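Structure first, commentary second.
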Ligand SMILES: C[S@@+](CC[C@H](N)C(=O)[O-])C[C@H]1O[C@@H](n2cnc3c(N)ncnc32)[C@H](O)[C@@H]1O
């Protein structure tokens, strides 16, 4: 079997399940097995595959047909032009979350600072932000010890890892310059409707945000204020339909300069707000 035949074979098998995504997924499977770039793949379509590559193709295909996301099969996901290790203990990074990174980088101009990343998962936010600003230190928090192990493997220096419920293990002192969080925000109704490749494989604790999906914003709006320095900010990812409710939650807890930013698809995606002057 040649690489080109394998590409066509994978595409034919995956199309009934993935539609238009079958071709990109087939390319990614072959790129993973052959350790090559997309252009190298297309330059070598007539190359014969060895036995081990063919058996890897059938093993990956079998798992893909169950709906298992490819990043869990390969153990790799790409985010912000960087490769991250992922396991079923962490959410697969989504391109939407790049808006959160952009919001922080556009607004936090300090050379030195300390921030908390609440619900760090695979560690993408702490890793990218501390890599962009080598003077920044992160405290990466997650309630899942298994997720923190993945995050630790993905990140270099300058990050402290804490297994805790939100900010419960912090001392009530205003030491943080900012807080960044992509909390679980899917509501009970949405959980019933989401694709089974998400609900069946990604950690429930990374997805479910309570009955209306807003539990974590309520908790963060109230509990994070005392840990921020004066004028310290919070940046949170939100669901595309949560703009008004999340704004209201932060307003009711006294936060100021509340802004909601859109992602590249034009959906509301990030809320940023400044700590209340008086707490
Ligand atoms: C939506 S995922 C975000 C992961 C990663 N930051 C990202 O953007 O891809 C939410 C994360 O919050 C964590 N989490 C859920 N409840 C938590 C809690 N009470 N305290 C701390 N972390 C929590 C989950 O384990 C999960 O890793």
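The values are calculated or read from the model by the stated rules, or taken from the named source; none is laboratory data. Bear in mind that the values here come from a model prediction, so they are computed numbers and not experimental data. Reconstructed Cβ throughout: ideal geometry from the backbone, glycine too, with neighbour counts over all protein chains shown.
Summary table
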item	result
Those residues of segment 123-143 which are surrounded by fewer than 18 Cβ atoms within 10 Å (Cβ to Cβ) and near the ligand (Cβ under 10 Å from one of its atoms), in sequence order	143
Whichever residue in segment 100-122 is crowded, with 21+ Cβ neighbours inside 10 Å and over 14 Å from residue 179 (Cα atoms) and, among such residues, is farthest from the ligand (Cβ to nearest atom)	122
Residue 152, sole failed condition from (1) over 25 Å from residue 106 (Cα atoms); (2) surrounded by 14 or more Cβ atoms within 10 Å (Cβ to Cβ); (3) within 15 Å of the ligand (Cβ to nearest atom)	(2)
Lone unmet requirement of (1) without any contact (Cβ under 8 Å) to a residue 60 or more places away in the chain; (2) assigned to a loop (DSSP other than H, G, I, E, B) for residue 67	(1)
Residue 224 without any contact (Cβ under 8 Å) to a residue 24 or more places away in the chain and either more than 27 Å from residue 21 (Cα to Cα) or surrounded by 15 or more Cβ atoms within 10 Å (Cβ to Cβ) (or both)	no
Residue check for residue 246: in contact with a helix residue (DSSP H, G or I) (Cβ under 8 Å, 6 or more places away or on another chain) and without any contact (Cβ under 8 Å) to a residue 40 or more places away in the chain	yes
Segment 191-236, residues that are within 11 Å of the ligand (Cβ to nearest atom), under 27 Å from residue 105 (Cβ atoms) and part of a helix (DSSP H, G or I)	206, 207, 216, 219, 220, 223
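Every residue, every condition in (1) farther than 25 Å from residue 37 by Cα; (2) assigned by TED's automatic domain parsing to the domain that holds residue 228; (3) in contact with a helix residue (DSSP H, G or I) (Cβ under 7 Å, 6 or more places away or on another chain); (4) in contact (Cβ under 8 Å) with a residue 12 or more places away in the chain, yes or no:
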residue	(1), (2), (3), (4)
93	no, yes, yes, yes
98	no, yes, no, yes
122	no, yes, yes, yes
127	no, yes, yes, yes
148	yes, yes, no, yes
159	yes, yes, yes, yes
163	yes, yes, yes, yes
